[in-house]
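The values are calculated or read from the model by the stated rules, or taken from the named source; none is laboratory data. Everything numeric in this text was worked out from a predicted model, so none of it was measured. Counting neighbours? That spans all protein chains shown, and the Cβs are built from the backbone with ideal geometry, glycine included. Accessible surface areas use protein heavy atoms only, side chains included; no ligands, DNA or RNA. Shrake-Rupley method; radii C 1.70, N 1.55, O 1.52, S 1.80 Å.
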Amino acid sequence: MTQLVYLIPLFPLLGFLVNGIFWKKMPKNMGGIIGSVAVLASFVVSLCIFFEVKSDSFQGPVVVNLFEFINSGKLVIPFSFQVDALSSLFLLIITGVGFLIHVYSTSYMHDDAGMVKYFAYLNLFVFSMLLLVLGSNYLIMFIGWEGVGLCSYLLIGFWYKNRDYTNAAKKAFVMNRIGDLGFLVGMLLILLNYGTLSYQEFFGQLGSSHVAVSNNLYNWIAICLFIGATGKSAQIPLFTWLPDAMAGPTPVSALIHAATMVTAGIYMIARSGALYSLAPMALNIVAIVGTATALISASIAIKQYDIKRVLAYSTVSQLGFMFIALGVGAYTTAVFHVMTHAFFKALLFLGSGSVIHAMGGEQDIRKMGGLGKKMRVTQITFLIGCLAISGIPGLSGFFSKDEILAAAYAHNPMLYYCGLAGAMMTAFYMFRLYFLTFHGKFRGTEEQHHHLHESPAAITIPLMVLAILSIVGGYVGLPAVLSEHHSLMAFLKPAVTNFDPRELEHGTEWMLMGLSTGVAVIMIIFAFVRTKTPNFSPNTGLAKVLENKWYVDELYDAIIVRPIAALSKLLDRFMERSGIDGFVNGVGKGVRWSSDRVRLMQSGQVGSYIFVMVIGMVLLFILGFFWVS
Amino acid sequence: MGLYEILFWFLTVMALGCALGVILSRNPISSVLFLIATFFAISGHYILMNAQFLAIVNIIVYAGAIMVLFLFVIMLMNLNADTEPQKNRLIQLAGVISGGILFLVILGALRNVPVASLERTNTGIGLIKNLGKVLFTQFVLPFEISSVLFLSAMIGAIVIGRKE
Amino acid sequence: MPIQYYLFLSMALFCIGIMGTLMRRNAIIIFMCIELMLNAVNLLMVAFSKMYGDAQAQVFVFFIMVVAAAEVSVGLAIIVMMYRKVHSVDINILNRLKH
């Protein structure tokens, strides 16, 4: 079965080609069906492979060689896929959540003229993401890496007639490119020092002494790769693109900016765990950046009014949590959180899509309220998502988040307190969002109120499936105090080199769990009290700073964009206009001037031309016979 | 000085003299006639070098066909010494001088070539039989292509020469 | 006969041809001078052919004559055309190349 792994990316690719080539002629529903079926087929194959990997007979990672991709001198890079626990788990997440989102999109995008094109992009995105997690070397990963960057550009700017949206798309692309450069540098460093990009060969050489390298090299490679991860996974300093990326259709936000693409960075670092274990400095940077991102973006989310923007910042914050886990060496925990987060964040985004759909495109929560009465399914599923992300015991988010916090506590209590503060804010802003949207009085226009309705089955069924997953998804990784058997860790053990997390005393662990649950509950109550009487007067002081996202965009604008623009203008005026243009035009003018003079030599009479020719012949003869010899 | 040398010098003087006649005579008709005489002298040289085939072809093609064509054209245009355009003396002098310089330069360049006699080799190569063999084996493709050249020249001449 | 004699003879003929093209303004005469130069080259080729005992050079002479014949037919057609247009064969009238 593992030999058939190439089928998984093949189906979405075919779906992309069919939809992409015939998008003008195809009926709209057809495009949706083709797109969904392609992903469903991949999902089925992924399931088969997952169970094969899970079975006891599976021995280590299987590398499937498809063809030779680059063969140049000593450098040989095959186009090959690697099947192991990590990649098979990600395959399931991507194709599973991806399929649900495809189904959801068939209803959500139904009225859009470019629906078939949309599904083509979506399939291309799934294809790239699968390539990213399946590749058996960094180059294949990089192809997928760039592919998802491209697709996110295409999908964020899907409604390309709106200038703001295309600007958001460009911003996402440029930010991603900055990170990609880091990835590329890291990749080339590996290639330069180890002569290979294959995971197995590279990690095999890491510990051995025959490659004489210093710890510094490990750190540099790890930091370069991490820069790539900050771009793709929206960490400080490259996180500002993700909230703007909400310009795309809501299912896109769910798929790309919550469930899959942004986890590429996590996947990459978890995959390179063997390298990061040797690079303590890089790990510290990862942990610090993760903590800072988690705190800052959570604080921004508190004061946002756009329903999708709150979720976007919450995504950034949750990604920060994952990076904390990576930074303390708990790779499995990070992957665990990726999984649960994919469930509940996709659920929340799709739920918000359902709300936006019902509100006729309105995204401002100040104009919502009381939607719960009209949209029961959406409300309940959304509530489950909120509970999960806030870390209420029993739901998936609790287990993964608690594991992260425990790992952080074992590593350094300071990280734990920061993480707890982040979790606190998470609970607050999620329930602020929930109460403002679904409870209280309706604050929109009469027309919108009249229009309110529950969404069709194609939207609610994925919501329900995701809600169930958000509840049960956590039980694959029960904490040590509850169960001896951590099935996810056992499953991932062969693929992911985990730091042995320092065992906590059971008492301490109970205490930590109780503490985080307690603050979450307190925050939920606090949020309920605060939103009882909504007050949307203009913010002042710190709240205003938070509403304006710590002025990070303005800061980047002032520090980077404007100086570069000014420099460009300067170069344009002095280098381009008078330097290069002047030179080029000068050459033209010079030729024209001199040819004006030279043409006077031309008499136009054949006789004189022959005469000059003979003179030339004589000179050549003199040169050839007397001078040279 | 044997017969061979006498003939050689006679033909040489005749060729050079007639060639000078071509460029110096004022009447185009006499220029053509001088040129024909030059070609006869060159054909004589060919015979001396045992290249009978080329000698005959030279007379037939050049002296016979080409020069008659020249004559026809001159007569068609009714050119004679009176209509002959003349360059001024200075330009003519410059022409003579530059031509002479060219001659001297080449002379100086080739003055020291090693002396090789023409008698030492087998002399049968210029006969039609040998030449024909080479022409129709080794050079048969260019030979055939030259017929295409003639065809295109013929069509070209007709196209250029017809009245609008 | 040493080869130099033929060398110098063909050189002399060639240079006379060049002098002719430089001195005269009549297009037909210039054309004839070109034929003269071609013949000078032919003569030298035949001399070399005899010197090396190789028939290839004579075949080349043959082809030169072929090309010359084609060239003359086209060239004379052009001169006739020119005469029809300007009623002269004076090459100094043809100074269009200047413009």
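Below 8 Å between Cα atoms, with a sequence gap of 6+, how large is the relative contact order for region B:1-82 in percent? Relative contact order, region B:1-82: 30 percent. Taking the C-alpha atoms only, the angle from helix C:56-86 to the longest principal axis of chain C is near 10 degrees.
The C-alpha atoms of chain C define a longest principal axis, and helix C:27-52 lies at about 10 degrees to it. In terms of its C-alpha gyration tensor, region B:1-82 has an oblate overall shape, because the principal axis ratio a/c (a ≥ b ≥ c, square roots of the eigenvalues) is not below 1.5 and a/b does not outweigh b/c. Across peptide C:44-51, the average count of Cβ atoms from other chains found within 10 Å of a residue's Cβ is 6.
Legend: residue pairs B:133/C:50; A:569/A:589; A:117/A:170; A:161/A:308, Cα-Cα distance threshold 23 Å; pairs beyond threshold, A:569/A:589.
Per-residue mean of foreign Cβ neighbours for B:37-47 is 4 (Cβ atoms of other chains, 10 Å radius). The mean sequence separation of alpha-carbon pairs under 8 Å and at least six residues apart, normalised by the residue count of chain A, gives a relative contact order of 12 percent. Taking the Cα centre of chain A as reference, the dipole from Cβ charges on Lys and Arg (+1) and Asp and Glu (-1) amounts to some 1780 debye. When only alpha carbons of region C:31-90 are considered, Rg and Dmax amount to 15.6, 50 Å. Remark: accessible surface ordering of A:277, A:578 (largest first) is A:578, A:277, probe radius 1.4 Å. Here is the size of the protein assembly as shown from its Cα atoms: Rg then Dmax, 46.3, 138 Å. Counting only alpha carbon atoms, the long axis of helix C:3-23 and the longest principal axis of chain C meet at about 0°. Who wins for biggest fluctuation among B:54, B:110, B:79 in a Gaussian network model of chain B, springs between alpha carbons below 10 Å? Ranking B:54, B:110, B:79 by mean-square fluctuation puts B:110 first. Each Cα pair of region A:83-167 feeds into the Kirkwood radius, which the Stokes-Einstein equation turns, at 25 °C and 0.890 mPa s, into a diffusion coefficient of 177 µm²/s. Among B:154, B:67, B:77, the largest mean-square fluctuation in a Gaussian network model of chain B (Cα springs under 10 Å) belongs to B:154. Contact order, relative form, for chain C: 29 percent (alpha carbon pairs under 8 Å, 6 or more residues apart, mean separation divided by residue count).
Scanning residues 5 or more positions from residue A:66 or on other chains, those with amide H under 5 Å from its amide H are A:79, A:80, A:81, with H placed 1.01 Å from N in the peptide plane.
Remark on chain B: ratio of C-alpha radius of gyration to 2.2 N^0.38 Å is 1.32.
Return the carbon/sulfur percentage of the accessible area of region C:3-98, one whole number, probe 1.4 Å, all protein chains in place. Reported share for carbon and sulfur atoms: 69 percent. Derived scalar couplings between HN and Hα for region A:251-260 equal x, 5, 4, 5, 6, 7, 9, 10, 8, 10 Hz in order, rounded to whole Hz, by the Karplus curve 6.51 cos²θ - 1.76 cosθ + 1.60 (θ = phi - 60°), x for Gly and Pro.
Loop-located trypsin sites (Lys or Arg not before Pro) across region A:413-452 with a Cβ neighbour count of 13 or fewer within 10 Å are A:441, with loop assigned by DSSP.
The tail of the calculated P(r) for region A:235-276 beyond 12 Å holds 66 percent of all Cα-Cα pairs. Positive contributions from Lys and Arg (+1) and negative ones from Asp and Glu (-1), summed over other residues with Cβ under 14 Å from the Cβ of residue A:176, come out at +1. Two tests apply to each whole DSSP H helix in chain A, Cα reach of 27 Å or more along its axis and mean Kyte-Doolittle hydropathy of at least 1.6, and the ones passing both are A:115-134, A:280-302.
Normalising by residue count, region A:150-252 has a Cα convex hull of 103 Å³ per residue.
Looking at chain B as a GNM with Cα springs under 10 Å, which of B:124, B:17, B:100 has the largest mean-square fluctuation? Of the options given, B:100 has the highest mean-square fluctuation. The portion of the accessible surface of chain A made up by carbon and sulfur, rounded to a whole percent, is 67 (1.4 Å probe; DNA, RNA and ligands excluded). Once the convex hull of all Cα atoms in region A:554-629 is built, its volume per residue stands at 155 Å³.
Accessible surface calculations at 1.4 Å, restricted to protein heavy atoms, place region C:3-98 at 33 Å² per residue. Classify region A:25-123 as rounded, prolate or oblate, taking a ≥ b ≥ c as the square roots of the eigenvalues of its Cα gyration tensor: rounded when a/c is under 1.5, otherwise prolate if a/b is larger than b/c and oblate if not. In terms of gyration-tensor shape, oblate.
Using a simple spin-label model with pseudo-atoms 7 Å out from Cα toward Cβ, residue A:203 and residue A:189 lie 1.9 nm apart. Accessible surface buried by the C/B pair amounts to about 7200 Å², both sides summed, 1.4 Å probe. Highest mean packing comes first when the peptides A:87-100, A:333-346, A:48-61 are listed by Cβ atoms within 10 Å, giving A:333-346, A:87-100, A:48-61.
Once you sort the root eigenvalues of the Cα gyration tensor of region A:72-128 as a ≥ b ≥ c, which label holds: rounded (a/c under 1.5), prolate (a/b larger than b/c) or oblate (the other case)? In terms of gyration-tensor shape, oblate.
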